[in-house]
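No value in this document is a laboratory result; all are computed from the given coordinates. Predicted model only: the values in this text are computed from it and were never measured. Methodologically, a virtual Cβ is constructed for each residue, glycine included, from the backbone with ideal geometry; neighbour enumeration extends over all protein chains shown.
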Amino acid sequence: MANALIVIDVQNDFCPGGALAVPEGDQIVPRINALMQDFDTVVLTQDWHPAGHSSFASSHDGKSPYEMIDMPYGPQVLWPDHCVQGSAGSDLHADLDVTRANVIIRKGTNPAIDSYSAFFENDQKTPTGLEGYLKTLGVTEITMVGLATDFCVQFSALDAARLGFQVTVREGLCRAIDLDGSLKAAKNAMDAAGISRI
Ligand code: VGL
Ligand code: ZN
């Protein structure tokens, strides 16, 4: 009955001053560092897009950030350019305790598909390998924290629940983007999937 802490996208671009800043995104770092001590396995994720990624509004003529488009895999929010591979914005927050991390999963590397979830790209089919990693270690319980509650945390939590893990989202250690009611919708979806929110 091993447990794992999954720390989603605590990166400079999602913190105040970053390209896709989540309000108070940096404030969760000290308590996430403390929480890491309680887990057998710690996984960090890092949003890691090539320049010109298809989730960037700048890659689509006439489109602005936060507009929606239809991609072959479904509707997609268009974002400001963010977390470009190797940029300062893509770095994990400098105060995040990376020494406790067993593995860092990079996602969103396919130019044609966004990847909110730590487990699957937004086509809901292409795996990152994290499921196999955790199951090989005997992990059954996952606690999820990080950025943003209503996007990458939510999609990671829903996938984890679907894969049979027992999932807890520590909402005090997450912060949200909250686009058009997305935070409320995320909470409802997580409740419906049997995820505990504390
Ligand atoms: C995220 C939007 C685009 C996230 C990543 O980490 O929640 N949101 N890329
Ligand atoms: Zn992204």
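Identify all lysines with a Cα-Cα distance to Lys184 below 29 Å; exclude those on the same chain that are fewer than 8 residues away in sequence.
Partners found: Lys63, Lys107, Lys125.
Among the aspartates and glutamates, which fall within straight-line cross-link reach of Lys187, defined as a Cα-Cα distance under 13 Å, with same-chain neighbours fewer than 8 residues apart omitted?
Reachable aspartates and glutamates: Asp150, Glu171, Asp178.
Ranking Lys125, Lys187, Lys107 by Cβ neighbours within 10 Å, fewest first, what do you get?
In order of increasing Cβ crowding within 10 Å: Lys125, Lys187, Lys107.
Pick from Thr136, Thr149, Thr41 the residue whose mean-square fluctuation is largest in a GNM of the chain, springs joining Cα atoms under 10 Å.
Thr136
Under 5 Å between amide hydrogens, which residues at least 5 positions from Val103 or on another chain qualify, with H placed 1.01 Å from N in the peptide plane?
Residues meeting the amide H criterion: Val42, Leu44.
Can you compute 3J(HN,Hα) from phi for each residue in the range 171-186, using the Karplus curve 6.51 cos²θ - 1.76 cosθ + 1.60 with θ = phi - 60°, rounded to whole Hz and x for Gly and Pro?
Calculated HN-Hα couplings, in order: 5, x, 10, 10, 9, 10, 7, 6, 9, 6, x, 5, 6, 4, 4, 5 Hz.
Among Met144, Met190, Met36, which comes first, then next, by fewest other beta-carbon atoms within 10 Å?
Ranking Met144, Met190, Met36 by Cβ neighbours within 10 Å, fewest first, gives Met36, Met190, Met144.
Over the range 41-165, what is the percentage of antiparallel beta bridges among all DSSP beta bridges, to the nearest 5?
40 percent
For the residue pair Ala34 and Ala88, what label-to-label distance in nm results when each label sits 7 Å from Cα along the Cα-to-beta-carbon direction?
3.0 nm
With 10 angstrom as the radius, rank Leu163, Leu20 by how many other C-beta atoms surround their C-beta, starting from the fewest.
Leu163, Leu20
With the contact rule set at Cα under 8 Å and sequence spacing of 6 or more, what percent relative contact order holds for the range 1-131?
In percent, rounded to a whole number, it is 27.
Can you bin the range 71-198 into rounded, prolate or oblate? Criterion: square roots of the alpha carbon gyration tensor eigenvalues sorted a ≥ b ≥ c, rounded for a/c under 1.5, prolate for a/b above b/c, oblate for the rest.
rounded
What shape does the range 1-98 have by the C-alpha gyration tensor, where a ≥ b ≥ c are the square roots of the eigenvalues, rounded means a/c under 1.5, and otherwise prolate means a/b greater than b/c and oblate the rest?
Prolate.
Just subtract the alpha-carbon distance of Met1 and Ala185 from 0.36 nm times their residue separation and send over the number in nm, one decimal.
So the extension gain works out to 63.2 nm.
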